[in-house]
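**Q** First the structure, then my questions, so here it is.
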Amino acid sequence: MRDGSNDVPNDVLNDPDQHGSPPGTFPFSAVVGSDDLALALVLTAVSPEVGGVLVRGEKGTAKSTMVRGLAAVLPRQQVVAGCRFGCAPGDGAGCPDGPHDPDAAAGTRAARLVELPIGATEDRVVGSLDLERALGRGETAYQPGLLAAANRGILYVDEVNLLHDHLVDLLLDAAAMGRNTVERDGVSVSHAARIVLVGTMNPEEGELRPQLLDRFGLTVEVAAPREPALRAEVVRRRLAFDASPAAFAARFEDDQEALRGRIADARSRVGAVTLTDEMLTRIAVVCAGFEVDGLRADIVTARAAIAHAAWSGRTVVTVADVRAAARLALPHRRRRIPFDSPGIDEDLLDELLGDDDPDLEPDPRPGDGGEPEPADHDHDRDHDHDREAQPSSSSETARTDGQESPRQPEPQHAELEPGLGEGGESGEGGESEVPTASAVSAADEPYRAKLLRAKGIGQGDPGRRSAALTSTGRRVGSTTARTGPVHVPATIRAAAGRGATGDRSGRLRVLPGDLRRSVLQGRESNLVLLCVDASGSMAARKRMEAVKSAVLSLLLDAYQRRDKVGLVTFRGSDAELTLPPTGSVDIAARRLRDLPHGGRTPLAEGLGTAYDTLRVERLRDPNRRALLVVVTDGRATSGTDALGRAGRVATQLRGEGVESVVLDCESGRFRMGLAARLAEHLGAEHLPVGELAASAIVGAARTPRPTGRAA
């Protein structure tokens, strides 16, 4: 498949792969400790109308393993010979290669698993003009994309949160409507795209926008099991599989076959399942009780409940089906802002649902939809034990998605700083710093921030902030580069410029050297690095509340605009990279809420840490432009020649072309202008303390007047 995906020719019939998974695929039924994920994948396989599955979890939790294993347990398909879109016999209405005769020759194939690479372009996803036929023969023809290849199968997007938002929109539209419509480059085509869309993501790498989260039908939070026996079983099976994939797969073949038959049976039954008015009303009560926005939650919950009933062998939806569906359909729709932790209050869910039919026999395995127990699994677990292995909303708030919690310093005795008086070593200027022990200040609610745009035209990753040359946007020119969308008019002009036609017919001959690619201008994402004084002087002037509120607002804005935000804090005798550059607002919010303040002011160390952070980020991502925001009163009270060292580091930052803003926190009757002097060293804009309200911090950060190039 082009662009790094695992494509299989659409006209392959009667392929030798009996179950649709490439050699070396870990069996779906052999995965342990991920019951909710298994149920979600099965439900969307039974009824693709559910809308796909978003799998959120820390690294190393078998997310990709389970998705790839799902294709192997999907039933085989009949396919019309020669159809590029994989239509079934008698099901080719509206197919560009149709209409198909119901008696047309057909074969069988395994269900497809198509992986969408992060770097895929829009034309590769939805399809585009067939350039070979357009340029060689002058014909307008459609070249199918990945959505056509995935029709009636699984479209898998690993790290979906890193995919361009417009591509995620396209995928979700196709999954919801079951069709892909293309109107571009003179091509007008609509074809079936009945796909099971599965996306996986690690929240540490950033979040999806709420609008995109809502479009996924189901979501599952996965985490590594904490039970030692279960962890040992996971490792035991992985080692056995690595030692002999074929023998391991044979060991679970009976389970795979049973699961395959059960999915096929549920698919055939799903259309006959009845959703009574009583159950529909309970679904509405649950969705209203959890205060989810819109009606998509109600629709998805209803569809998932019907699929769950079919999977459980029932013909009527019960409260157990609604409960199982709500646990998967509602958690991600309860988030009002990115700082809210996903999850669902199961006690409230039970209260809203009320009692089930007392005459109904329970499922074989309560809580997981009755999936068959994997073979050779010696660790029986009851429902409560299973639930303990899954993250809840409360536990999600406590942990940091696979990262260690920020180190909390022990409370220390107040420490008087030398040189605080007039004429002191650090030149603090007539203002005594109040000795302060370590403390933690709360932050106000985040607010809507103004837009910051870096000047000029960048070349960073696509986002929603500064102007840049990106892979999406409006066409502003052409280039001879080897990658990117083809600029057809420029290609024709280049061919015509040679002044020769190709043959006696007078047709223009287009050579490879004539090919031109489009130059597109859109928006890029940036890096905002805040370097915050968290010393006792800031605490004495009660600035930390405003600073934290501003940082949270910048994080919220960065989340919406696909930016990165980092935080450096300095206090005592050293500085710390409290928040490495990231797009994950969940982790950022937790770090900021626990940020302590107090102690001396190591300004030079704070600037040095900011310098090192920006240098590493420039090496890691040289095209991402950065803005350094230093929140300080300019005081430096830690170490010898504190002010001199701070000035030298600031000058070094200026020499690297770092765009900066200094927010001056100095106050009192006598001022030494230390922050203004720091701004001169940085070549940064200086803002006085009167503009240091939380809104002023954000406004200042968004209207810098830098003197150098961006980091």
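**Q** Taking all protein chains as present, what is the carbon and sulfur share of the accessible area of the range 560-611, in % to the nearest whole number, probe 1.4 Å?
**A** Numbers: 590 of 1360 Å².
Within the range 560-611, the accessible surface is 44 percent carbon and sulfur.
**Q** Not counting ligands, DNA or RNA, and with a 1.4 Å probe, what is V316's accessible surface area in Å² rounded to the nearest 10?
**A** Accessible surface of V316 is approximately 60 Å².
**Q** While we're looking at this one, here's another question. Largest first, what is the accessible-area ranking of K59, K548 with a 1.4 Å probe?
**A** Numbers: K59 130, K548 5 Å².
Output order, biggest surface exposure first: K59, K548.
**Q** Jot down the radius of gyration and Dmax of the range 135-199, Cα atoms only, both in angstrom.
**A** Every Cα atom of the range 135-199 included, Rg and Dmax give 13.2, 40 Å.
**Q** Here's another thing I want to ask about it. Using only the Cα atoms of the range 169-296, construct the convex hull and provide its projected area averaged over every direction, in square nanometres to one decimal.
**A** Values: hull surface 56.7 nm².
Approximately 14.2 nm², given one-decimal rounding.
**Q** A further question on this structure: Placing +1 at every Lys and Arg Cβ and -1 at every Asp and Glu Cβ, with all other atoms neutral, what dipole size does the range 59-167 have around its Cα centre, in debye to the nearest 20? Walk me through the intermediate numbers first.
**A** Details: 11 positive and 13 negative charges, 96 e Å.
The calculation lands at about 460 debye.
**Q** Something else: Heavy atoms only, probe 1.4 angstrom, no DNA, RNA or ligands counted: give me R282, R179, R237 ranked by accessible area, highest first. Numbers along the way, then the final one.
**A** Numbers: R282 50, R179 75, R237 5 Å².
Largest to smallest exposure gives the sequence R179, R282, R237.
**Q** Rounded if a/c is under 1.5, else prolate if a/b beats b/c, else oblate: with a ≥ b ≥ c from the C-alpha gyration tensor eigenvalues square-rooted, which is the range 153-235?
**A** Details: a/c = 3.16, a/b = 2.25, b/c = 1.41.
Here the range 153-235 falls in the prolate category.
**Q** Separate question: Which number comes out as Rg/Rh for the range 60-173 once both Rg and the Kirkwood Rh are worked out on C-alpha atoms?
**A** Numbers: Rg = 16.2 Å, Rh = 15.9 Å.
On the Cα set of the range 60-173, Rg over Rh gives 1.02.
**Q** Given H placed 1.01 Å from N in the peptide plane, which residues other than close sequence neighbours of S478 have an amide H under 5 Å from its amide H?
**A** Result for S478 returns V519.
The values are calculated or read from the model by the stated rules, or taken from the named source; none is laboratory data. All values reported here derive from a predicted model rather than from experimental measurement. Neighbour counts run over all protein chains shown; Cβ positions are idealised from the backbone, glycine included. Quick note on the areas: whole protein, heavy atoms, side chains included, nothing else; ligands and nucleic acids left out. Shrake-Rupley method; radii C 1.70, N 1.55, O 1.52, S 1.80 Å.
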